[in-house]
Amino acid sequence: MSVKLFRNCRIYTPIDNGVPAGGKDQGSTTHFSHGALLVENGLIKKIGEENNLLANIETKAIDQVIDCQSKCMVPGFVDPHTHLCFAERRESEFEMRIDGTPYLEILQQGGGILSSVKAVKAATEDKLYENCLRHALTALSFGTTTLEIKSGYGLDTENELKMLRAIDRVSRTTPQDIVATFLGAHAIPPHYKENPDAFIHLIINEMLPAVHKQNIAGHCDIFCEEGVFTIEQGRQLLQAAKALGMGIKIHADEVHDLGGAALAAELGAISADHLLAANDENIVKMARAGVVANLLPATAYSLRKPYARARQMIESSLPVALATDCNPGSSYTESMPFVIGLAILKMSMSPAEALTAATLNSAYAIGKAKSTGSLEKGKQADFLLLDGESPAILAYHAGVSPVVDVYKRGEKAS
Ligand code: NIG
Ligand code: FE
């Protein structure tokens, strides 16, 4: 048994009411100005103002006292959308994009996601594992204590499973909790270009059952976009995944408003992600269906597109989560502080709303809210110490991470 007391900290945390926090709840975090946190065997035993907390515990039972020196304590970040298992960066394509070639045009020319597919097919599982671990540990140093990682650069059974095995190995190596998502429907392989339905058929009848049998991914995702997969193909695949008991997610309305948000609502997806082009009506449908809006402002930043309409979503009581989308193409960053900074300054979210989005709501977006996402009795002691007075420091100290210490299950992890 190990009992630790973290004292002398300014605590900010969302409160978990059993559902993702939407509307006004998204912006109402709890604050303890002279806070303390009692951790027993990696779980939170008590949290509150230090005086009250100390008055109600047996101090003899404490093994270690950690003075947090007035730093700001927040829950560890949960990054609910990443593609950080890849083999090679795509720096020359980035330069093409800077020069004005649109992201989807690079894909149409056989680059983009398809460049990453070539690199992954050529890579060994060990190389994928090493790269993926390196990116996950970078994320950890920026405060990400739980994350989702997608496959999607294999596009055939063998290589999708190779990616998922590499992700699984990373999940057993890093201190972080990792949730894997099967994204076999990430792009159409060149030899299926004339018959994408046959590729969806292959995913449904071969890849998905293989992934399910190996119990190696909890969720299934699809990229619905002009020139990629249609809404009807999304419906077919996600219904098949749902029938197998997998959680479903969708890359929805990233560049064009195809109605991905409405499909997410129709099928009861756990999240719909991107939503840069989602329309008002479908935002309301998502809110009614209890789908989390997973926003990825670093992608809008990198693609130089208008940001998703977070204010509109929060005002429609749609719970908003935040993620990096870390990938070698549309958003190459592991930094949740950067994403939170963009959310505050570019999507007009308040610091409290952004904190809830990057912790509690993002935990809901990957089915992890029972164990993490807020600092409350019974949850894991996954938390960060920030060099600042409040979470606003994440936007204020731009381009620099204020994350000084990262704790996972009560142990210092970075
Ligand atoms: O979420 N849009 C599709 N997938 C990723 C990009 C992946 C890539 O470019 O490698 C995204 O933006
Ligand atoms: Fe993505």
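Values in this text are rule-based calculations from the coordinates and carry no lab data. Bear in mind the structure is a predicted one, so any value in this text is a computation, not a measurement. Because the Cβ atoms are built from the backbone with ideal geometry, glycine has one as well, and the counts that use them run over all protein chains shown.
Mind listing the lone cysteines of the chain, meaning no other Cys beta-carbon sits under 4.7 Å from theirs?
When partners are defined as cysteine Cβ atoms under 4.7 Å apart, the chain leaves 72, 220, 224, 326 without one.
Only four residue types carry charge here, +1 at the Cβ of Lys and Arg and -1 at the Cβ of Asp and Glu. Report the dipole size of segment 162-219 about the Cα centre in Debye, rounded to the nearest 20.
The calculation lands at about 280 debye.
Just how far, in whole angstrom, is segment 2-49 from segment 70-145 if you go by their alpha carbon centroids?
For segment 70-145 versus segment 2-49, the Cα centre distance is 32 Å.
May I ask you to list the lysines whose Cα is less than 19 Å away from that of residue 408, ignoring any residue fewer than eight positions away on the same chain?
Qualifying lysines at Cα under 19 Å: 4, 45, 46, 71, 368, 370, 377, 379.
What's the Kirkwood radius of segment 212-362 in Å, using all Cα pairs?
Every distinct Cα pair counted, the radius reaches 15.3 Å.
Taking a threshold of 21 Å on the Cα-Cα distance, which of the pairs 24/150; 127/213; 213/249 fall above it?
Cα-Cα > 21 Å for 24/150; 127/213; rest within.
In deg cm²/dmol, rounded to 500, what helix-only [θ] at 222 nm does the chain give when every DSSP H run of at least 4 residues adds -39500 (n - 2.57) and the total is split over its residues?
It comes out at -10000 deg cm²/dmol, rounded to the nearest 500.
At 7 Å along Cα-to-Cβ for each site, give me the label-to-label distance between residue 201 and residue 60 in nm.
Simple spin-label model gives 7.5 nm for this pair.
Can you list, largest first and rounded to whole Å, the semi-axes you get for segment 168-235 by taking the square root of 5 times each eigenvalue of its Cα gyration tensor?
26, 13, 10
Highest mean first, how do 57-69, 6-18, 98-110, 139-151 rank when packing is the count of other Cβ atoms within 10 Å averaged over residues?
Ranked by mean Cβ neighbours within 10 Å, highest first: 139-151, 6-18, 98-110, 57-69.
Principal axis extents for segment 75-130, Cα atoms only, whole Å, descending order, please.
For segment 75-130, the Cα extents along the three principal axes come out at 37, 33, 16 Å.
Decide, for segment 307-405, between rounded, prolate and oblate: order the square roots of the alpha carbon gyration tensor eigenvalues as a ≥ b ≥ c, take rounded if a/c falls under 1.5, and otherwise choose prolate if a/b is larger than b/c, else oblate.
rounded
Work out the length of the dipole vector of segment 77-364 about its Cα centre, built from +1 on the beta-carbon of each Lys and Arg and -1 on the beta-carbon of each Asp and Glu, and round it to the nearest 20 debye.
That gives a dipole near 460 debye.
Using a Förster distance of 41 Å, how high is the FRET efficiency between residue 94 and residue 33, based on the Cβ-Cβ distance and rounded to 0.05?
0.40
Would you mind computing, in nm to one decimal, how far apart the modelled labels at residue 214 and residue 305 are, each placed 7 Å from Cα along Cα→Cβ?
3.0
Along the charge dipole of segment 77-364, Cβ charges K/R +1 and D/E -1, which of 87, 358, 324 sits furthest on the positive end?
Among 87, 358, 324, the one farthest towards the positive end of the dipole of segment 77-364 is 358.
When the chain is treated as a GNM, springs tying every alpha-carbon pair under 10 Å, which of 191, 201, 31 comes out with the largest mean-square fluctuation?
Most flexible of the set in this elastic network: 191.
Report the far tail of the P(r) of segment 95-209, meaning the percent of Cα-Cα pairs longer than 17 Å.
For segment 95-209, the fraction of Cα-Cα distances above 17 Å is 60 percent.
If packing is taken as the average count of other Cβ atoms within 10 Å, what order do 21-27, 369-375 fall into, highest mean first?
Top of the packing list down: 369-375, 21-27.
By average Cβ neighbour count within 10 Å, what is the ranking of 336-343, 48-55 from highest down?
Taking the mean over residues of other Cβ atoms within 10 Å, the ranking is 336-343, 48-55.
Rounded to a whole number, what is D in µm²/s for segment 77-364 from Stokes-Einstein with the Kirkwood radius over alpha-carbon pairs (20 °C, 1.002 mPa s)?
116
Any idea which of 61, 337, 155 is furthest toward the positive side of the dipole for the chain, if Lys and Arg beta-carbons carry +1 and Asp and Glu beta-carbons -1?
Sorting the options by dipole projection puts first 61.
At a Förster radius of 30 Å, what calculated FRET efficiency corresponds to the Cβ-Cβ distance of residue 2 and residue 350, to the nearest 0.05?
0.25
Using +1 at the C-beta of Lys and Arg and -1 at the C-beta of Asp and Glu, which of 182, 298, 77 has the Cα lying farthest in the positive direction of the dipole of the chain?
The listed residue farthest towards the positive side: 77.
Can you tell me how much longer the chain between residue 232 and residue 244 gets when fully stretched, taken as 0.36 nm per residue apart minus their C-alpha distance, in nm with one decimal?
Answer, rounded to one decimal: 2.4 nm.
Based on the Cβ-Cβ distance of residue 377 and residue 281, what FRET efficiency does E = 1/(1 + (r/R0)^6) give at R0 = 51 Å, to the nearest 0.05?
In this case the efficiency is close to 0.80.
Where in segment 68-101 does the label zone of residue 397 land, with the point 7 angstrom along Cα→C-beta and an amide N cut-off under 15 Å?
Answer for segment 68-101: 69-74.
Be a star and scan segment 64-92 for residues whose amide nitrogen sits under 19 Å from the point 7 Å along the Cα-to-Cβ vector of residue 46.
Counting backbone N atoms under 19 Å from the label point, the list is 64-68.
What's the magnitude of the charge dipole for segment 347-414 around its Cα centre, counting Lys and Arg as +1 and Asp and Glu as -1 at the beta-carbon? Answer in Debye, nearest 20.
Charge dipole, segment 347-414, about its Cα centre: 380 debye, nearest 20.
Which of rounded, prolate or oblate describes segment 135-293 when judged by the alpha-carbon gyration tensor and an a/c cut-off of 1.5?
oblate
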